[in-house]
Amino acid sequence: MSQQRVYYLLTAVSGFLFTFAFTLLLVFHVQVAHLSPVQLVLVGTVMEITCFLGEVPTGVLADARSRTLSVQLGLILIGLSLLLQGALPVFGWILAAQVVWGIGYTFTSGAVEAWIADEVGEDRLTHVFLRGQRLELGAMIIGSVAAGAVGVLDLRLPMVLAGAGYVVLAVVLVGLMREPGFTPAAAGERLTFALMRATFSAGVRQARQRPLIRSFLLVSLLVGLSGEAFDRLWTAHLLPSLPPVPSPAVWFAAFAIAGQLIGLGANYAVERAGLTESDRPSRLLAVLTVVQVAGMAGFALAGTLWIAVGALWARDAARALSGPLQSAWLNRGIDPSSRATVLSVNSQFDAIGQVVGGPPLGALAGRTSIPVALLVSAGLLAPAAWILARLRSR
């Protein structure tokens, strides 16, 4: 099997498992674990602190030793975290599960993109990333249906089953993933502190010397500042507006499915229209960021359920479409020898933003209201559109 097809398999199966586990995760946190708004945000903050601390070491490992090994280890840890959380729905254990999940995520963050960029070449990245996202969204629709069906029985079941699925996926990938396009460090140099320091220094040097990378780091910081509170609080904001029948599991699964269908249609339409053919899609990314800001603000201010849900769908579709475009553009501007490290530094800036922005906005939600915190989150993201638009003139 070609590595491009392995990448598609990885994105599709992991997309299914992620959605199967996380479609009802926040409902589980509210209705089973009975977490308060502040606790909901703290759960995310602990995860992001873990990501911040782990991003660079795991990125260096991927660049120095093996990107496929890094991905496989990460999937196993993500699976274990879901099993732990589903088995012990208590605040303390949920925090511990976030640490395990964060470490697992950092092993995959940057490593997947760096691996496939080496194997298919930079010229084909935009097409590969967009097609991979379409497969992922299709699998996520199935995952949302499965989550709704299983979650009606027990909100813990999707997490437990998805956790086991991640472990199985990692084992399957041991036999399928190859990296002929990757050149690891010499055997005598692997995993030494000197090598880690040299690889990290090379990644930081790229970030300092290349305006494109610096701009993306700042955008990631703003995305993190705005995203943590919104991602943790939107479910709690929507729950009181839902009709009592059918169950919340069915409602949130239906919302997820509709949102994923919208994202899938937007992905297909944008590529068919040729809007992704530019190597510097700054105008499109800026417009998508404006849509995200408008969707977040509309969700916070909406007076009816369906206007709020429509605003949420618009925000999620724009965010999903931005991901592969930014990833392809950024990968083309990175030296392959430290690609995973630079991508990890980029993710680290997102984590910094989430750690810094999450707790204050969670406290703001507790002192005032959740809509106020969501509206502030939208305002924090707005400057990212200006930064992306400016990149076009450079």
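The values are calculated or read from the model by the stated rules, or taken from the named source; none is laboratory data. As the structure is a prediction and not an experimental result, all values here were calculated from the model. All Cβ positions, glycine included, derive from the backbone under ideal geometry; neighbour counts span all protein chains shown.
Data table
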read-out: GLY86 among the small types (Gly, Ala, Ser) and surrounded by 20 or more Cβ atoms within 10 Å (Cβ to Cβ); value: yes
read-out: Whichever residue in segment 1-53 is assigned to a helix (DSSP H, G or I) and of a type in the set (Gly, Ala, Ser) and, among such residues, is farthest from GLY163 (Cα to Cα); value: GLY44
read-out: Count of residues meeting criterion [under 15 Å from VAL219 (Cβ atoms) and not in a helix (DSSP H, G or I)] in segment 364-394; value: 1
read-out: Qualifying residue in segment 117-129 (condition: closer than 16 Å to PHE22 by Cβ, of a type in the set (S, T, N, Q) and either touching a Lys or Arg at 6+ places or on another chain (Cβ under 9 Å) or assigned to a helix (DSSP H, G or I) (or both)); value: no
read-out: Test: residue in segment 26-33 that is touching a Ser or Thr at 6+ places or on another chain (Cβ under 8 Å) and more than 22 Å from LEU364 (Cα to Cα); value: no
read-out: Segment 151-180, residues that are surrounded by fewer than 21 Cβ atoms within 10 Å (Cβ to Cβ), modelled with pLDDT under 90 and under 14 Å from VAL32 (Cβ atoms); value: VAL152, LEU153, ASP154, ARG156
read-out: Residue in segment 331-350 that is over 30 Å from PRO180 (Cβ atoms), at pLDDT below 90 and assigned to a helix (DSSP H, G or I) present; value: yes
read-out: Lone qualifier among PHE16, PHE22, PHE28 - being over 25 Å from ALA229 (Cβ atoms), under 20 Å from the mean Cα position of the chain (by Cα) and not aliphatic (A, V, I, L, M); value: PHE16
read-out: Criterion (more than 23 Å from GLY110 (Cα to Cα) and touching a Gly at 6+ places or on another chain (Cβ under 6 Å)) met by exactly one of ARG390, ARG367, ARG315; value: ARG315
read-out: Search result, residues across segment 187-233 that are out of contact with any helix residue (DSSP H, G or I) (no Cβ under 7 Å at 6 or more places or on another chain), among the polar types (S, T, N, Q) and at pLDDT 60 or above; value: SER201, GLN209
read-out: Residue within segment 34-41 that is in contact with a Phe, Trp or Tyr (Cβ under 9 Å, 6 or more places away or on another chain), touching a residue at least 24 places away in the same chain (Cβ under 8 Å), surrounded by fewer than 21 Cβ atoms within 10 Å (Cβ to Cβ) and of a type outside the set (Ser, Thr, Tyr) present; value: yes
read-out: Only one of VAL56, VAL71, VAL60, VAL99 that is at pLDDT 90 or above, of a type in the set (A, V, I, L, M), part of a helix (DSSP H, G or I) and closer than 19 Å to ALA340 by Cα; value: VAL71
read-out: Hey, ALA139 buried (at least 17 other Cβ atoms within 10 Å of the Cβ) and at pLDDT 90 or above or not; value: yes
read-out: Count - residues of segment 222-256 that are of a type in the set (S, T, N, Q) and within 21 Å of VAL43 (Cα to Cα); value: 2
read-out: Segment 234-263 - residue that is surrounded by 22 or more Cβ atoms within 10 Å (Cβ to Cβ) and within 17 Å of the chain's Cα centre (by Cα) and, of those, modelled with the highest pLDDT; value: GLY259
read-out: From the options GLY92, GLY132, GLY86, GLY163, residue that is of a type outside the set (A, V, I, L, M) and over 23 Å from LEU42 (Cβ atoms); value: GLY132
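For every residue, the table says whether it meets (1) surrounded by fewer than 24 Cβ atoms within 10 Å (Cβ to Cβ); (2) more than 20 Å from TYR166 (Cα to Cα).
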position	(1), (2)
THR58	no, no
LEU61	no, yes
ARG67	no, no
LEU73	yes, no
LEU80	yes, no
VAL120	yes, yes
